[in-house]
Structures are given as structure tokens and as C-alpha cells.
Amino acid sequence: MDYPTPAFKITLDGQDITAKFAPRLVSLDLTECRSDSADELSITLSDTDGQLAIPSKGARINVQIGWKESGLVDKGVFTVDEIEHSGAPDLLTLRARTASLIDTFRQPVDRSFHDTTLGAVIEVIAFQQELKAGIAEALRGVKIAHLDQTRESDAAFLRRLGKKYDAAATVKNDTLLFMPAGRSKTASGRDLPMMRITRNLGDRHRYHSAERDSYSGVRVFWHDDRHGMRRSVVAGAPGNSKRLRTTYANEADARTAAVAEWQRIQRGAATLELSLALGNPALMPQSPVTVAGFKTEIDHQDWLTAKVTHSISDTGFTSGVELETRSEEAEAEREDQVDPDPGITGVFAKWRDVATKKSGQEFSPSSGKGKHAAPAAGATVNTKTLQHVYANKQTAVRAAKLEWEKIQERREIIKENRDVH
């Protein structure tokens, strides 16, 4: 079997030095991240003959990687910020990064934005940092009534905006990018190509999914000045909803926060890590991915690339990929301020088993278990009967319980909002 040949191209301060580096290459490792961490490039070269010159810090490296048979993929420009020479045998290691939102944006800033858009805010920051701005169209026109940056670095400010709008801020090729964290699009709005990974392309995988402490949605509170009360919105389903501590000044900000947090929670529902024996240079953060050859639950999931590590050495070209659940767009709904089930003390759910011809009704709240279960005291005074006839006793029990919990939760929220002054 003929195996493909790894290939790369390295340009240092505009000069192609691939031919000089190729026979000396020990390893080339590239890590691409989605968040505000910088992309990192590490190149280790053999210097056993002592002929390698040590480049200066601040030198700019452009790297392209791929396969000789299928071509190279440009991975952008990096700035050398670490140099290490070790031995024996003598090795020269260059470490370079894209601009880091932690290191180069760390000066405290005081400024305010008023009656503007999110796109304009990002453009101001990019201009101050001598960068181009690349903001997704979905975020560019978001209205901002007022926003303060008080003794806060641009790095911290961008992270705060990213959390509020569920976006990722990063710098690539001298461009400050601000993109929705759960969307597979370029800054110009083009869809990223779908990547397909089959199990025979890799040699290791790790899938993880945790149901404990799983939330059904996110509840966020806001202060309604017009009526002098606190109100709430929910993204997802009320049920076991996560509550954010902040009470927002208006409904629009509360909706934004609820949607952003709910989409973050959804993406973390499951993760998949893959090691590809044959590297794929086209993989990058935000790439949508489908997989095949694993368990059904894994294959049927929509995946989104969060981090990619490419490695080229004398053993070949491999890629490591970290995937997370691809979240769907969400909306937040305002919650009722009036009890839709006034006076209801319990819930009944009817059921009919087609196979056994048995039927009955279940209730909540109840006392006792199994055959000793009975309506709790007062539960049948004013009951609500669900319209659906369930297929068996178990599903009826669950439906009645969930509906009663929903009624109680709504009442607790209404009471809590009214008690806040």
C-alpha cells in the first residue's frame, strides 16, 4: 500500500526557508483554538552541525501543511516569541503564536459605548490594536444601548462580550475575529465545509456524556421598570432550569444572556476526542463534523470542532481533534406573571394499555409508593386532568408528576418575583 507523503511550507519574514528546514525537521506541532487562546506553532530542528542561525524574537512565520499528493492548507501567520537551544544532540526549537488576547490586549482601558452596535465596538478595539476586524454578520448589527469598559483590558472586555453573546474572540492573520461559538461560518457568513471522519481514519477515540446536573433550560431575571417588579425569561424548557445570578436591567439583555448560556450548556452535553492516523489539514476550529463507525449515539450526533492539533514528524502527519455537541439556535420566552392554573391542587393523567386492555388514571402529588400510592392530602380538591391518554401506567405517572412540578415551579417564580423589591 502506498502511503501519502507529509508536506509543509515555511516562510520566515517573507523568505521561503522550506528547503533549509526540511532535512533538519524533528517535529512541527500546530494547535488551533476557537477561544481567546492564541494558536500555537512549535518547530523543532536538528542543529547537530551547529550551522543553524537563531532567529530573532518577533520574526513572523507563515506555515502551510498538508500532503504532497493533495496539496497544502495555509494556516496563517505566527510571531516567534520563544526560542530554545538544547543538547546534546543539539536542537533548536521555535515557538510562535498568533496575537494573544491575554498577552497583547492586557492594558486597562476606560471608555464607554452608547447607542451603537456590537460590530462598531469590535471595530474600535481592532483599530486600537492595529488589527483588521472580522465580525460575523449575525452579530454585527446587534444593538447596544450603553456599555462601559472601566479599568478593564481589551482581553477581559472581549471575554465578557463573548460570554454575553455566546461568541468566540480570537486573532488570526492580523484580524480580530468575533464569531458565534456554536456556528460553522466564516466572518463573511459563508458556511464552513462539512468534514466526515470514519473510525478507520483514526487509532484512538474518547466519547464522554454526563447526565448528572443536566439542565432543561436557563432562567434569567430582569427588572421591569414600567411595572416596578422583577420578571424572568427562559431559554429551553422551564423544568430543571439553571438560574443566572445577575438580574439584568432590561428584557433584551436578559434574553441574550439566557440564549447564550443555554447554547453553551448544550454544546457541553457530550464531547468526542479523536486521534487521526492520517492528518487532515483542512480541519479547523468551528468545522462541522459527522462521524461514522462508532456507537449509534456518537454517529447520530452533530459535532463541532473546538480544538485541533496537527503534528508532522518522521513518523508521519497526524491530527488530534476535540469535538463538542453542535447546538441549535435558541430563543428565550417571557414567563407568565399570572398563575395559568389558579387553585389547582393536583394533576391526573389517564392511561390505557392496548395489549392488556387495562386503563386507569395516575395522580400527583401523591403519598406512598407502588400499590400503596394515594393522592396527597388536598390533592384532589381542585384537579387538572391532562387531555392526552397515555399508553401505559408508567408514562402517565411521569406525565402527571412533570405537570405538577411545572405548576409548582411557575408559582414559585411568580412569588419570588413579587417578593423582590
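Comparing 356, 385, 198 in a Gaussian network model of the chain where C-alpha atoms under 10 Å apart are linked, the largest mean-square fluctuation is found at 356. From the alpha carbon centroid of region 198-265 to that of region 104-182 is 22 Å. Take residue 54: with every protein chain present and a 1.4 Å probe, its accessible area is about 110 Å².
Residues of region 126-166 with amide nitrogen under 16 Å from the 7 Å Cα-to-Cβ point of residue 107? Backbone N within reach: 126-131, 150-157. Residues in region 27-60, backbone N under 20 Å from the label point at residue 16 (7 Å along the Cα-to-beta-carbon vector): list them, ranges by number please. From region 27-60, the list is 60.
In this structure, residue 384 and residue 209 have a Cβ-Cβ separation that, at R0 = 30 Å, corresponds to a calculated FRET efficiency of about 0.30. Model label sites at residue 352 and residue 372, defined 7 Å from Cα along the beta-carbon direction, differ in position by 3.3 nm.
Accessible surface comparison of 398, 231, probe 1.4 Å, protein chains only, largest first: the order is 398, 231. When 207, 3 are compared by accessible area at a 1.4 angstrom probe, the order from most to least is 3, 207.
Between residue 415 and residue 114, the contour length at 0.36 nm per residue exceeds the Cα-Cα span by 104.8 nm.
Comparing mean-square fluctuations of 52, 118, 274 from a GNM of the chain with C-alpha springs under 10 Å, the top value falls on 52. Per-peptide packing, taken as the mean over residues of other Cβ atoms within 10 Å, places 163-175, 252-264, 142-154, 57-69 in the sequence 252-264, 163-175, 57-69, 142-154 from highest down. Distant-in-sequence amide contacts of residue 195, defined by a placed amide H-H separation under 5 Å and a gap of 5 or more residues or a different chain, comprise 289, 290. Identify which of 324, 297, 409 has the largest mean-square fluctuation in a Gaussian network model of the chain, with springs joining Cα atoms closer than 10 Å. For the chain, modelled as a Gaussian network with Cα springs under 10 Å, the answer is 297. In this view, the solvent-accessible surface of residue 132, computed with a 1.4 Å probe and all protein chains in place, comes to about 130 Å².
Computed from the C-beta positions of residue 269 and residue 145 and an R0 of 30 Å, the FRET efficiency is 0.35 to the nearest 0.05.
In this structure, the amide hydrogen of residue 270, modeled 1.01 Å from its nitrogen in the peptide plane, lies closer than 5 angstrom to those of 325, counting only residues at least 5 positions away or on a different chain. Each residue of region 299-311 was assigned a 3J(HN,Hα) from its phi angle through the Karplus expression (A = 6.51, B = -1.76, C = 1.60, θ = phi - 60°), giving 5, 8, 7, 8, 10, 10, 6, 9, 7, 9, 10, 9, 9 Hz with x at Gly and Pro. Between residue 216 and residue 392, the FRET efficiency from the beta-carbon distance, with R0 = 25 Å, is close to 0.60. Please work out how much length the chain gains when fully extended from residue 130 to residue 175, using 0.36 nm per residue of separation minus the C-alpha to C-alpha distance, in nm with one decimal. Additional length available on full extension: 15.3 nm. For residue 302 and residue 253, calculate 0.36 nm times their separation in residues minus their Cα-Cα distance, and state this gained length in nm to one decimal. Here the segment from residue 302 to residue 253 would lengthen by 14.8 nm. With the cut-off at 1.5 for a/c, could you classify the chain from its C-alpha gyration tensor as rounded, prolate or oblate? Oblate.
Rolling a 1.4 Å probe across all protein chains gives residue 339 an accessible area of roughly 40 Å².
The values are calculated or read from the model by the stated rules, or taken from the named source; none is laboratory data. Since the structure is predicted, the reported quantities are computational estimates derived from the model, not experimental observations. Don't worry about glycine lacking a Cβ; one is built from the backbone with ideal geometry, like all the others, and counts go over all protein chains shown. With ligands, DNA and RNA removed, areas are computed over all heavy atoms of the protein, side chains included. Shrake-Rupley method; radii C 1.70, N 1.55, O 1.52, S 1.80 Å.
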